[in-house]
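What follows draws every value from the coordinates through simple rules; no lab data is involved. Worth saying up front: this structure is predicted, and the values here are computed from it rather than measured. Cβ atoms come from the backbone with ideal geometry, glycine included; neighbour counts cover every protein chain shown.
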Amino acid sequence: MISPLPIEAPVPPSTAIVARTSRGYWREAGGRLRRNRIGIVSGGVLLFFVVVALAAPLLAALITHTDYRSIDLINTFARPLTPSHILGTDELGRDELTRLLFGAQVSMGIGFLAVVVALTIGACVGLVAGFYGGLIDGLLMRFVDMILATPAIFLFILMSILFKPNTITLSLIIASVGWGSIARLVRGEVLSVRTRDFMVAARAFGASDARLIFRHLLPNVLHVMIVFGSLYLGQVVLIEAALDFLGLGISPPTPSWGNMLTNSETYFFHSSWLVIWPGVTIFLTVLAANLFGNAVRDAFDPRLR
Amino acid sequence: MPDIAAAPALHRAWTATDPLVSVRGLKKWFPVSSGVLQRTIAHVHAVDGVDLDIKKGETLGLVGESGCGKSTLGRTLIRLLDANEGVISYRGEDITRSHGESLRRLRRKMTMIFQDPYASLDPRHTVGDIVGEPLDIHRLFQGRERTERIGELLNLVGLNARHVDRYPHEFSGGQRQRIGIARALAVDPEFIVCDEPISSLDVSIQAQIINLLEALQARLDLTYLFIAHDLSVVKHISNRVAVMYLGKVMEVAPANELYRRPRHPYTGSLLAAVPIPDPAIELTRERVILQGDVASPVDPPSGCRFRTRCPRAREHCAEAVPPLEALGADHKAACFYPLD
Amino acid sequence: MPAPLLEVRDLKTQFFTPEGVVKAVDGVSFELHAGETLGIVGESGCGKSVTALSIMRLIPRPGRIVGGSVLFEGRDLVGLSAAEMQEVRGESIAMIFQDPMTSLNPVFRVGWQVGEPLVIHQAKDNASAGVEATRMLAKVGIPNPQQRARDFPHHFSGGMRQRAMIAMGLTTTPAVLIADEPTTALDVTIQAQILDLLRHVNREFGMATILITHNLGVVAGMCERVMVMYAGRIVESGPTADVFAHPKHPYTWSLLRSIPRLDADRREPLKPIEGSPPDLIDPPAGCSFHPRCAFRVDRCSHDDPRLQPVGDTQQAACWVTQAGTELPRA
């Protein structure tokens, strides 16, 4: 039985001012991010590509009126600024801009999916390993070590042989190698958060392991995951491009920035724009992801400034 | 082996005159590992054979310097750590190895207030979440009743109930400590371990929190184990005081008595070392400066642990461990050659 | 009256943070004479540490000294170049810090670190600096100094590290020693040892000492004169015995009444100071203590009092006591 509390406070109340601005941790970090101009610009660039990727069919219908598969053998290698082909056409007369738009869908789609999958698996492993320690931690981390030590390229080759790569399977293949880093990062952060007094306090009040992990640890390691996610996005785009180059990735006719770059390699000298457009989009995306990731890290940890 | 005859009320029903919390022969040690293979090479004897009784409604002060084991004792008492040896009793019931449901029920009766108001509140949770968490864990109160209860708790410790959606970093140190106190009171406990609750606070705020703790004790019939290193504060708030050194209790006595007439040389040196804010007294005081540092709890001295720094130590002190003996009404000390 | 060794005039140090400008030190003036011990007492945020760091020109960004002067041996330290200030630091003015666990570099041997000021300032070679360092370690009461000089800091306990820090400060026999909360992180019996050492060092070397602390008991036992700081200003100063016996500022008065004393009867209730320390970005108008003051009058909420003589030997920044009102005895 819980006794009712006495009505009046037994001592005079504390009249200290509550802080000037009532902002949560996230809003303060958001504020710091907003003041970081490089962060804003790079975030804007990323957002632009995301929007383009999502709206690719719509944009294609509005701007270019073609499909990424429509072959036009009369108009192959059209130069940029040709009427009806703003960015030119490729070796089969397909409109470059349309292919770039749909390529965005593929490359960004793979990027985000791989990030989400890697974060989910990695965070779970890191949380469990860091929280329990001991044998569980040892086993999980040795497994992670194995993953990280294996040259990714072999795993990619193996998995590309076993599973035919489409957007989804390729994301999973890439994520299956990348989750190791985030698992290590999360585990490290968990080790430092786990000994803090509020964790001990929650245990003292009878919190279960699940509550400790998901209601206390997870919110306190989220910032690490967000920073990793931003940086990893750039890495995934590059990995995807590299896999396309090796023939292990998305196969034509489905365009991805990577395979567009690969296919146009042989035409570099007379139709260099075919290499430049996908090269530029990849470069901008990866650069924006890296700059944004750094800005997010600075936003969460002002001591680094 | 704990002395069964001395353990209270294990063989008859507990009554209100028996101690609320009791320990006999409590030992807690931590392994020290080293080397590539992380093998255990030694143990830190943080708590090395402690007998204590805490009566219902009283405040037992627990003092000692770093490494004496007072914090470990507090955490072992409320089962945050598992004792290696000994018996812990609560209301006459042996709780040393409780687990599962009976441990959960225990956590409603024994709670804790922590030292660092900046680290003991989850920075990602609102004040309402923090104070309400014990209620959620024990599934007491839902919905509107829960909100009301949280509001009442905040008012009780002198905070504004309207701040329930704010985050800890928006409050001052003293206010955060009040939040921690409200959290400890949420489930209507009987016994609270206060682990250095004011050491991290400014001097002018410490008095506010001490007054709050005393007022709450009177209103809610609480029993406190008050762990601290500030002897002046402990004297003020405690009914009885226990002095620890290197894992053992050196002396236990009522507060006024301990400070007026300490019997153990360590207590005497400790009291002589505390600065008093009065220049007239400070400049004329007799200074008893202890030599050397606190010995290591990994390899404590044989016999009486304090003998390496004790100005009164003799041969016998190295040979045998002095037992905690009664030297007067309710005054015990562990020394072969106590002070007069 | 000989000229003061160190004279601080209207020192102002501010921190430029995204939330606003923190006026950490807001017009502090005082003198330090050769050989005397001066205590600076106050709670966290009052500016006592920042004052010391300002004298040493060790203020980290985003802070800056924005006004005032620090006159030492005829020179204004605020205006010195970085190179000139580096010569002063460690050689003429030494500082020891609160946390002995982090003030020593963990990768160098203790003896080498203790001798380092000699190598820097007096161009001694490592060997003779080492000999001097060992001598200093013995003087501060470290047993087996030759052996201990070859140890690394992690072999030392907190008390011993603090002794080593004091030894480091003494090697160049500076004129001034600033000790910033030197015993706060130490156990009370070790604190007594270190304070005893500081007293001994002050007598034997004749160094002027500035002792910064929040512990009124420590000040009572160590310092001839004391300054009480609140919200970046000095609110009271004077001989320690006088300030404790009859404080002339309500903050000092309330503080003395609110701390539990070892020699008091435990049944006396504590009399806390209500409210909380002020916001240094947006301090209260008028006297910064007035919202918490039991003696405030109308004038206090819009007029900012300056430090003025009150009584024979003391100074206080309070309208009420400057007007002649006596604060009640404890």
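Let a ≥ b ≥ c be the square roots of the eigenvalues of the Cα gyration tensor of region B:211-304; is it rounded (a/c under 1.5), or, if not, prolate (a/b larger than b/c) or oblate?
Values: a/c = 2.27, a/b = 1.26, b/c = 1.80.
Verdict is oblate for region B:211-304.
Where the centre of each part is set by its Cα atoms, how far does region A:238-270 sit from region B:260-293, in angstrom?
Between the Cα centres of region A:238-270 and region B:260-293 lies a distance of 81 Å.
With runs of 4+ DSSP H residues as the only contributors, calculate the mean residue ellipticity of chain B at 222 nm using -39,500 (n - 2.57) per run, divided by the residue total and rounded to the nearest 500. Mind showing how you got there, number by number?
On the way: 11 runs with 104 residues, N = 340.
Mean residue ellipticity at 222 nm (helix-derived): -9000 deg cm²/dmol.
Need one word for region B:101-238: rounded, prolate or oblate. Basis is the Cα gyration tensor (sqrt eigenvalues a ≥ b ≥ c); a/c below 1.5 gives rounded, then a/b vs b/c decides. Please list the in-between numbers first.
Working: a/c = 1.76, a/b = 1.26, b/c = 1.39.
Oblate, since a/c reaches 1.5 and b/c is not below a/b.
For q = 0.05, 0.08, 0.09 Å⁻¹, what log10 I(q)/I(0) does the protein assembly as shown give under the Debye formula with an equal point scatterer on each alpha carbon and no solvent?
-0.40, -0.94, -1.12
Tabulate in residue order the Karplus-calculated ³J(HN,Hα) for region C:98-112, using 6.51 cos²θ - 1.76 cosθ + 1.60 with θ = phi - 60°, rounded to whole Hz; enter x for Gly and Pro.
6, 9, x, 5, 10, 7, 9, 6, x, 9, 10, 5, 4, x, 5
Once you sort the root eigenvalues of the Cα gyration tensor of region C:265-323 as a ≥ b ≥ c, which label holds: rounded (a/c under 1.5), prolate (a/b larger than b/c) or oblate (the other case)?
Numbers: a/c = 2.16, a/b = 1.20, b/c = 1.80.
The shape class here is oblate.
Calculated from DSSP H runs of 4 or more alone, at -39500 (n - 2.57) each and per residue, what is the 222 nm mean residue ellipticity of chain A, nearest 500? All intermediate terms of the calculation are to be shown ahead of the outcome.
On the way: 11 runs with 196 residues, N = 305.
Here the helix-only value at 222 nm equals -21500 deg cm²/dmol.
For an R0 of 60 angstrom, estimate the FRET efficiency from the Cβ-Cβ distance between C:E84 and B:R144 and round to the nearest 0.05. Could the numbers behind the result be given before it?
Working: r = 69 Å, r/R0 = 1.15.
My answer for the efficiency is 0.30.
Around B:G57, what is the net charge, scoring Lys/Arg as +1 and Asp/Glu as -1 over all other residues with Cβ under 14 Å from its Cβ? Don't skip to the end; give the middle numbers.
Details: positive: B:K55, B:K56, B:R91, B:R219, B:R240; negative: B:D18, B:D53, B:E58, B:E190, B:E214, B:D221.
Charge balance near B:G57 sits at -1.
For chain C, give me the percentage of DSSP beta bridges that are antiparallel, rounded to the nearest 5 percent.
Values: 31 of 50 bridges.
Among the beta bridges of chain C, antiparallel pairing accounts for roughly 60 percent.
Among the lysines, select those whose C-alpha is under 26 Å from the C-alpha of B:K56, and discard any that sit fewer than 8 residues away in the same chain.
B:K27, B:K28, B:K70, B:K109, B:K235, B:K248, B:K332
Going highest first, how would you order B:319-331, A:38-50 by mean Cβ packing within 10 Å? Before the final figure, lay out the partial values.
Details: B:319-331: 13.9, A:38-50: 16.8.
The densest-packed peptide leads the list: A:38-50, B:319-331.
Report, for chain B, the % of DSSP beta bridges that are antiparallel, rounded to 5.
Working: 30 of 48 bridges.
Here the share of antiparallel DSSP bridges comes out near 60 percent.
Which one of B:G100, C:S288, C:S237 is farthest out on the positive end of the charge dipole of the protein assembly as shown, using unit charges on Cβ (Lys, Arg +1; Asp, Glu -1) and the Cα centre as origin?
B:G100
Go through region B:285-302 residue by residue and turn each phi into a ³J(HN,Hα) via Karplus (6.51, -1.76, 1.60, θ = phi - 60°); whole Hz please, and just put x for glycine and proline.
For region B:285-302, the Karplus curve yields 5, 7, 8, 10, 8, 6, 8, x, 9, 4, 5, 7, x, 7, 9, x, x, 5 Hz.
Rounded to whole Hz and in sequence order, give me ³J(HN,Hα) for region C:230-240 from the Karplus expression 6.51 cos²θ - 1.76 cosθ + 1.60, θ = phi - 60°, writing x for Gly and Pro.
With the stated coefficients, region C:230-240 comes to 8, 6, x, 10, 8, 9, 7, 8, x, x, 4 Hz.
Quick check: net charge around A:T98, other residues with Cβ under 11 Å of its Cβ, Lys/Arg +1 and Asp/Glu -1?
Numbers: positive: A:R69, A:R94, A:R99; negative: A:D67, A:D90, A:D95, A:E96.
Once all neighbours under 11 Å are counted, the net charge is -1.
Given 0.36 nm per residue, what is the gain on full extension from C:A294 to C:H200 after removing their alpha carbon distance, in nm?
My answer for the length gained is 29.8 nm.
How many nm separate the modelled label positions at C:E224 and A:V41, each set 7 Å beyond the Cα in the direction of the Cβ?
That separation, rounded to one decimal, is 6.2 nm.
Taking C:K124 as the anchor, which aspartates and glutamates have their alpha carbon closer than 20 Å to its alpha carbon, excluding any fewer than eight residues away along the same chain?
The qualifying aspartates and glutamates are C:E84, C:E87, C:E91, C:E116, C:E132.
Take peptides B:182-193, A:117-128 and line them up by average Cβ neighbours within 10 Å, highest first, as a rough protection proxy. Working shown, then result.
Working: B:182-193: 23.1, A:117-128: 21.2.
Per-residue Cβ counts within 10 Å, averaged per peptide and sorted highest first, yield B:182-193, A:117-128.
Collect residues whose amide H, placed 1.01 Å from N in the peptide plane, falls under 5 Å from the amide H of C:V310; neighbours closer than 5 in sequence don't count.
C:Q315, C:A316
May I ask for the equivalent-ellipsoid semi-axes of region A:29-304, computed as the square root of five times each C-alpha gyration tensor eigenvalue and listed largest first in whole Å? Can you show the working numbers first?
On the way: eigenvalues 347, 91, 38 Å².
Working from the Cα gyration tensor, I get semi-axes of 42, 21, 14 Å.
Take the alpha carbon atoms of region B:96-135, find their center, do the same for region C:42-58, and report the distance between the two centers in whole angstrom.
Comparing the Cα centres of region B:96-135 and region C:42-58, I get a distance of 38 Å.
Mind pulling the angle between the C-alpha long axis of helix A:37-54 and the longest principal axis of chain A? Nearest 10 degrees, somewhere in 0 to 90.
Once rounded, one gets 60 degrees.
Can you tell me the FRET efficiency between C:E326 and C:R306 if r is taken as the Cβ-Cβ distance and R0 is 22 Å, rounded to the nearest 0.05?
On the way: r = 20 Å, r/R0 = 0.92.
E between C:E326 and C:R306, to the nearest 0.05, is 0.65.
If one takes the longest principal axis of the Cα atoms in chain A, at what angle in degrees, from 0 to 90 and to the nearest 10, does the Cα axis of helix A:152-162 lie?
70
Within straight cross-link reach of C:K12, meaning Cα distance under 22 Å, which lysines are found once same-chain residues fewer than 8 apart are removed?
C:K23, C:K48
Taking +1 at the Cβ of each Lys and Arg and -1 at the Cβ of each Asp and Glu, which of A:H270, A:H223, A:A114 sits farthest along the dipole of chain A towards its positive end, judged by Cα position relative to the Cα centre?
Comparing the listed Cα positions along the dipole, A:H223 ranks first.
Please get the size of the charge dipole for region A:29-304, origin at its Cα centre, with Cβ charges of +1 on Lys and Arg and -1 on Asp and Glu, quoted in debye to the nearest 20. Walk me through the numbers before you get to the answer.
Numbers: 19 positive and 16 negative charges, 221 e Å.
Here the size comes out at about 1060 debye.
Taking only Cα atoms and a 10 Å spring cutoff, compute GNM fluctuations for chain B and point out the largest among B:R24, B:R219, B:R261.
So, out of B:R24, B:R219, B:R261, the one fluctuating most is B:R219.
For C:I96, what residues show an amide H to amide H distance below 5 Å, using hydrogens built from the backbone and excluding near sequence neighbours?
C:I178, C:A179, C:D180
Pairing the Cα long axis of helix A:167-194 with the longest principal axis of chain A, what angle in degrees results, from 0 to 90 and rounded to the nearest 10?
20
What percent of all Cα-Cα pairs in chain C falls in each 10 Å bin, counting up from 0?
6, 24, 32, 24, 11, 3, 0
Within 9 Å, Cβ to Cβ, of C:F156, how many net charges do the neighbouring residues add up to if Lys/Arg are +1 and Asp/Glu are -1? Don't skip to the answer; put the middle values down first.
Values: positive: C:R148, C:R161, C:R163; negative: C:D151.
Net charge in that neighbourhood comes out at +2.
Using a simple spin-label model with points 7 Å from Cα along the Cα→Cβ vector, what separation in nm is obtained for A:F245 and B:A218?
Between A:F245 and B:A218, the simple spin-label model gives 7.9 nm.
With labels modelled as points extended 7 Å from the Cα through the Cβ direction, what inter-label distance (nm, one decimal) is found for A:F112 paired with C:V131?
About 7.5 nm separates the two model spin labels.
Would you please calculate the Kirkwood hydrodynamic radius of chain B over all C-alpha pairs and express it in Å, rounded to one decimal? Intermediate values should be presented prior to the final figure.
Numbers: mean 1/r = 0.0467 Å⁻¹.
Kirkwood hydrodynamic radius for chain B: 21.4 Å.
Express in whole angstrom the spacing between the alpha-carbon centres of region B:166-222 and region C:5-25.
That distance is 33 Å.
Using a Gaussian network model on chain A with a 10 Å cutoff between Cα atoms, which of A:L238, A:L291, A:L212 fluctuates the most?
So, out of A:L238, A:L291, A:L212, the one fluctuating most is A:L212.
Given charges of +1 on the Cβ of Lys and Arg and -1 on the Cβ of Asp and Glu, with all other atoms neutral, how large is the dipole of the protein assembly as shown about its Cα centre, in debye to the nearest 20?
Working: 97 positive and 96 negative charges, 203 e Å.
Using only the charged Cβ atoms, the result is roughly 980 debye.
So who's got an amide H within less than 5 Å of the one on B:L62, skipping anything under 5 residues away but keeping other chains? H placed 1.01 Å off N, in plane.
Distant-sequence amide H within range of B:L62: B:F226, B:I227, B:A228, B:A242.
Just to be sure I understand: with springs between alpha-carbon atoms less than 10 Å apart, which residue in C:L197, C:L11, C:L270 has the highest mean-square fluctuation in the Gaussian network model of chain C?
C:L270
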